[in-house]
Amino acid sequence: MTIEHARALFAPELAEDDLKEVVRQIQKLQEGRGFLAAHHEIPRLQGDIWSGLPIVRISADGHAAARPARAMLLSNTCDIAEENARDYRAHVTYVPVVRISAFERMLTNGGLPQDRINSIVQSIRLNESTRVFFVEAGAGLEEDCLAMLDQAFSASADILNAGHCERLAVLSDRGHWALVLKMSVHFCRLREGVVRAAAQ
């Protein structure tokens, strides 16, 4: 990330020296390491990676099929905490988590040349892509993975109590900060260059 990127995306009003510090911190996040914690006593946290959550695939003819898979929780921690009283059922929003090797195979099967695949994967490992969030191997993840931010699903939060669902990994503070930053850009990019005039 450059000074120009930081000014356009996050802080157009900051002084040059402050922007340089923003860029330095973001570049440290782009190293993609130190994102996982071994454990946390709070049983459900934003950014957790779980196994066994239903992922639905819809074919071109509209046929839907669900299968259990790994997923990252995007819902904020308070909204999915079991101890919080609610007037109606809470849902959890999550995105599929795929092994980077499987992602590379998908690109290969799609016919992309190897040099282009290498460039895409390198960009992903630096967390430069706004569509995915890179997480390194560790905790319950045996290899580097991607959280697919543009493939969100929701289900009753009660599913996290199902016997077939298990928490595999927890984000560290650095990892959680990186995820929130990435979600802010992916879902809420304020400086999109579009004029939205009020209806007359």
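Output the residue which, of all residues in the stretch 72-128 that are assigned to a helix (DSSP H, G or I) and among the small types (Gly, Ala, Ser), is modelled with the lowest pLDDT.
Here is the first cut: in the stretch 72-128, the ones assigned to a helix (DSSP H, G or I) are 77-80, 100-109, 114-125.
Those left that are additionally among the small types (Gly, Ala, Ser): 101-102, 119, 123.
Working: SER101: 94, ALA102: 94, SER119: 94, SER123: 90.
For the stretch 72-128, the residue satisfying everything is SER123.
Could you list, in sequence order, all residues of the stretch 34-54 that are in a strand (DSSP E or B) and buried (at least 19 other Cβ atoms within 10 Å of the Cβ)?
Here is the first cut: in the stretch 34-54, the ones in a strand (DSSP E or B) are 36-37, 49-54.
Matches in the stretch 34-54: LEU36, ILE49, TRP50, LEU53.
Just the residues that are closer than 26 Å to GLU142 by Cα and of a type in the set (S, T, N, Q), please, taken from the stretch 77-110.
Just the residues of the stretch 77-110 that are closer than 26 Å to GLU142 by Cα, to begin with: 77, 92-110.
Across the stretch 77-110, the qualifying residues are THR77, THR93, SER101, THR108, ASN109.
Restricting attention to the stretch 129-156, report how many residues are under 30 Å from TYR88 (Cα atoms) and either part of a loop (DSSP other than H, G, I, E, B) or without any contact (Cβ under 8 Å) to a residue 40 or more places away in the chain (or both). Before you say what the answer is, go through the steps one by one.
From the stretch 129-156, those under 30 Å from TYR88 (Cα atoms) are 147-156; that's our starting set.
Narrowing further to those that are either part of a loop (DSSP other than H, G, I, E, B) or without any contact (Cβ under 8 Å) to a residue 40 or more places away in the chain (or both): 149-152.
Residues flagged as under 30 Å from TYR88 (Cα atoms) and either part of a loop (DSSP other than H, G, I, E, B) or without any contact (Cβ under 8 Å) to a residue 40 or more places away in the chain (or both) within the stretch 129-156 amount to 4.
Tell me yes or no: at least one residue of the stretch 184-193 is over 20 Å from the mean Cα position of the chain (by Cα), without any contact (Cβ under 8 Å) to a residue 40 or more places away in the chain and more than 16 Å from GLY34 (Cα to Cα).
Yes: one or more hits.
Collect the residues in the stretch 145-154 that are crowded, with 17+ Cβ neighbours inside 10 Å and of a type in the set (A, V, I, L, M), keeping them in residue-number order.
Answer for the stretch 145-154, where residues must be crowded, with 17+ Cβ neighbours inside 10 Å and of a type in the set (A, V, I, L, M): LEU146, ALA147, MET148, LEU149.
Yes or no, residue by residue, for (1) surrounded by 10 or more Cβ atoms within 10 Å (Cβ to Cβ); (2) under 22 Å from ALA157 (Cα atoms); (3) touching a strand residue (DSSP E or B) at 6+ places or on another chain (Cβ under 9 Å); (4) not basic (Lys, Arg):
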{"site": "ALA60", "(1), (2), (3), (4)": "no, no, no, yes"}
{"site": "ASN76", "(1), (2), (3), (4)": "yes, yes, no, yes"}
{"site": "THR108", "(1), (2), (3), (4)": "yes, no, no, yes"}
{"site": "ARG125", "(1), (2), (3), (4)": "yes, no, yes, no"}
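Output yes when any residue across the stretch 110-122 is touching a residue at least 24 places away in the same chain (Cβ under 8 Å) and under 20 Å from the mean Cα position of the chain (by Cα), and no when none is. Spell out the reasoning first.
First, pick out the residues of the stretch 110-122 that are touching a residue at least 24 places away in the same chain (Cβ under 8 Å): none.
There is no residue in the stretch 110-122 that is touching a residue at least 24 places away in the same chain (Cβ under 8 Å) and under 20 Å from the mean Cα position of the chain (by Cα).
Would you please name the residue that is nearest to the chain's Cα centre (by Cα), looking only at residues in the stretch 55-71 that are among the charged types (D, E, K, R) and either part of a loop (DSSP other than H, G, I, E, B) or closer than 18 Å to LEU171 by Cα (or both)?
Let us first name the residues in the stretch 55-71 that are among the charged types (D, E, K, R), namely 57, 61, 67, 70.
Filter once more, so that each one left must be either part of a loop (DSSP other than H, G, I, E, B) or closer than 18 Å to LEU171 by Cα (or both): 61, 70.
Details: ASP61: 28, ARG70: 12 Å.
Looking at the filtered set, the residue picked out is ARG70.
Give the stretch 157-171 a look and list any residue that's crowded, with 17+ Cβ neighbours inside 10 Å and either part of a strand (DSSP E or B) or modelled with pLDDT under 85 (or both), or say none.
Correct list: ARG167, LEU168, ALA169, VAL170, LEU171.
The values are calculated or read from the model by the stated rules, or taken from the named source; none is laboratory data. None of the values given here were measured: they were computed from a predicted structure. We place every Cβ from the backbone using ideal geometry, glycine too, and count neighbours over all the protein chains shown.
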